[in-house]
Amino acid sequence: MGASIIGHKCDRYIWLTWRWALKPNFPGRLLRMFDTGSREESRLVAEIRAIGATVWETDPETGMQWRIKSFNGHFAGSLDGVAKGLPEGPKSAAVLEFKTHNNKSFNDLVKKRVKDSKPQHHAQMQIYMGLMEIDRALYAAVNKDTDDLYCEWVHFDADEFARLMARAERLIEATTPPWRISTDKDHFECKYCPFWNHCHGGQAAEANCRTCCHASPVHDAQWRCAVKSSLLAEHEQRAGCSDHLMIPDLVPYADPQDGGENWVAYRHRESGEHFVNGPESIREYGPHFTSRELHDTNGSLIPQVIKTKNEFSISVVSGGETFSTGDFLDSISTHPDDLQVRESTPAERNHRAAAKKAMKNLEVLKK
């Protein structure tokens with residue numbers, strides 16, 4: 001969980017970001033803007049050094065970028081630098097925070113100052129100062145349209161630091177997402193949020209370890225899987241596995257009705273139909289959906305998919321292949337060496353043809 005977002009207005013946004021609920025999808029223009037901000041940092045460092053101050057861009061002890069962390073390493077951030085010898089406080093060290101702004105944002109910053117204009121930036125600096133035990137920060141902002149500079153001293157606020165740290169701890173320990181900041185899909189805070197599709201658009205979260213009931217944060221910024229009884233490397237967390245069981249609150253269009261160690265049964269809020277998520281199929285509660293299927297299929301289409309699965313006994317769709325739960329497959333072993341080659345019956349051929357047709361329909365529904 002990043003110190004750069006702990007000042008965001010919405011608890012749910014912070015939690016969903018940390019849990020990788022949806023991958024960010026940045027257009028090229030935004031990626032270039034991020035790069036512009038990074039390039040501006042070296043220019044500002046050179047200008048601060050030019051007035052006689054000392055700047056440490058990296059931690060002298062490690063040679064790496066300054067990093068702060070807390071709560072078993074699950075809360076962290078990276079500083080732009082630390083300076084000493086600045087004219088207004090030559091004997092005191094200061095955290096450096098550099099930001100770029102467009103003209104409208106820059107003018108608002110100059111008018112209101114950083115705490116009121118950019119509370120998220122202000123909160124970020126409070127965390128850095130508190131965990132670095134430094135009592136001041138220099139906020140340096142660049143107007144990308146005019147190249148104007150704005151600098152402001154920000155002083156440590158112990159009360160705000162304590163409040164922000166308590167918020168981070170609460171969200172890290174939360175096993176379910178907090179409430180949405182608004183139930184109105186057109187609310188100005190929600191309208192342009194990257195999680196709008198999840199909170200208001202009926203899209204279930206992605207299937208990775210951080211959205212799974214079986215994974216939990218542990219020591220040294222690591223995550224542990226209860227099914228595998230082992231720690232998870234980052235690439236494993238991002239990939240997820242076939243044992244994935246979606247955290248129920250991340251299925252926004254259905255209510256959990258029952259569950260077991262490896263399954264959760266849901267009731268669709270609009271249609272009232274039932275379905276099951278998880279690696280274990282419980283037929284008495286309706287058709288089975290993997291977590292990836294729930295993510296790939298919009299919630300409004302789930303009732304149609306349930307109907308298709310019930311009609312054609314389709315269980316799981318993966319990699320373009322259809323695995324049927326028809327009775328004619330029940331006697332076939334899952335191990336290739338044990339498969340007995342036999343001629344299919346007309347009923348089996350008809351069933352497979354119907355299943356393939358149904359899967360074409362599913363692909364159309366997903367699109």
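Since every read-out is calculated from the coordinates, none of them should be taken as a lab result. Please read all numbers here as calculations on a predicted model, not as lab measurements. Positions of Cβ are generated from backbone atoms using ideal geometry, with glycine treated the same way; all protein chains shown enter the neighbour counts.
Can you bin the stretch 138-249 into rounded, prolate or oblate? Criterion: square roots of the alpha carbon gyration tensor eigenvalues sorted a ≥ b ≥ c, rounded for a/c under 1.5, prolate for a/b above b/c, oblate for the rest.
Cα axes put the stretch 138-249 in the prolate bin.
For the chain, what is the percent of antiparallel DSSP beta bridges, rounded to the nearest 5?
Of all bridge pairs located within the chain, approximately 80 percent are antiparallel.
Please compute the net charge surrounding LEU16, taking Lys and Arg as +1 and Asp and Glu as -1 over other residues with Cβ under 13 Å from its Cβ.
Here the count lands on +2.
Given the rule -39500 (n - 2.57) for each run of at least 4 DSSP H residues, summed and divided by the residues of the chain, what is its mean residue ellipticity at 222 nm, to the nearest 500 deg cm²/dmol?
Details: 11 runs with 128 residues, N = 367.
Helix-only estimate at 222 nm: -10500 deg cm²/dmol.
Do the alpha carbons of any pairs in LYS185/LYS228; LYS9/LYS112; LYS69/LYS144 sit beyond 29 Å of each other, and which pairs? Let's see the in-between values first.
Working: LYS185/LYS228 39 Å; LYS9/LYS112 18 Å; LYS69/LYS144 31 Å.
Over 29 Å Cα-Cα: LYS185/LYS228; LYS69/LYS144.
Do any GluC sites (Glu not before Pro) in the stretch 128-167 lie in a loop, going by DSSP, with at most 10 other beta-carbon atoms within 10 Å of their beta carbon, and if so which?
Those satisfying the criteria are GLU133.
I need the phi-derived Karplus couplings for the stretch 2-10: 6.51 cos²θ - 1.76 cosθ + 1.60, θ = phi - 60°, integer Hz, Gly and Pro marked x.
x, 4, 6, 10, 5, x, 4, 5, 9
Please state the shape class of the stretch 32-94: rounded when a/c is under 1.5, otherwise prolate if a/b exceeds b/c and oblate if not, all from the C-alpha gyration tensor.
Taking the square roots of the gyration eigenvalues as a ≥ b ≥ c, the stretch 32-94 is oblate.
On average, how much area does the Cα convex hull of the stretch 1-110 cover when viewed from any direction, in nm²?
9.5 nm²
Round to the nearest 10 and give me the degree value, 0 to 90, for the angle of helix 346-366's Cα axis relative to the longest principal axis of the chain.
Its long axis makes an angle of about 20 degrees.
Taking other Cβ within 10 Å of each residue's Cβ, how do ASP35, ASP258, ASP80, ASP296 sort, fewest first?
ASP35, ASP258, ASP296, ASP80
Would you mind checking the tilt of helix 28-50 against the longest principal axis of the Cα atoms of the chain, expressed as 0 to 90 degrees and rounded to 10?
Taking Cα atoms only, the helix is inclined about 20 degrees.
Tell me which label goes with the value of mean projected area of the Cα convex hull in nm² computed from the coordinates here: (1) 20.1; (2) 19.1; (3) 23.1.
After the calculation, the listed value that fits is (3).
In degrees from 0 to 90, rounded to the nearest 10, what is the angle of the helix 119-132 Cα long axis to the longest principal axis of the chain?
In the chain, helix 119-132 runs at an angle near 80 degrees to the longest axis.
Most mobile of ARG32, ARG67, ARG170 per a Gaussian network model of the chain (Cα springs, under 10 Å)?
ARG32
Could you pull out the longest piece of the chain with no exposed loop chymotrypsin sites (Phe, Trp or Tyr not before Pro) in it, calling a site exposed if DSSP puts it outside H, G, I, E, B and it has at most 15 other Cβ atoms within 10 Å?
Answer from the scan: 1-178.
Need the full-extension length gain, GLU47 to GLN304, defined as separation in residues times 0.36 nm minus the C-alpha distance. One decimal, nm.
Gain in length upon complete extension: 86.4 nm.
Taking loop as defined by DSSP and a crowding limit of 10 other beta carbons within 10 Å, which GluC sites (Glu not before Pro) in the stretch 24-66 fit?
GLU61
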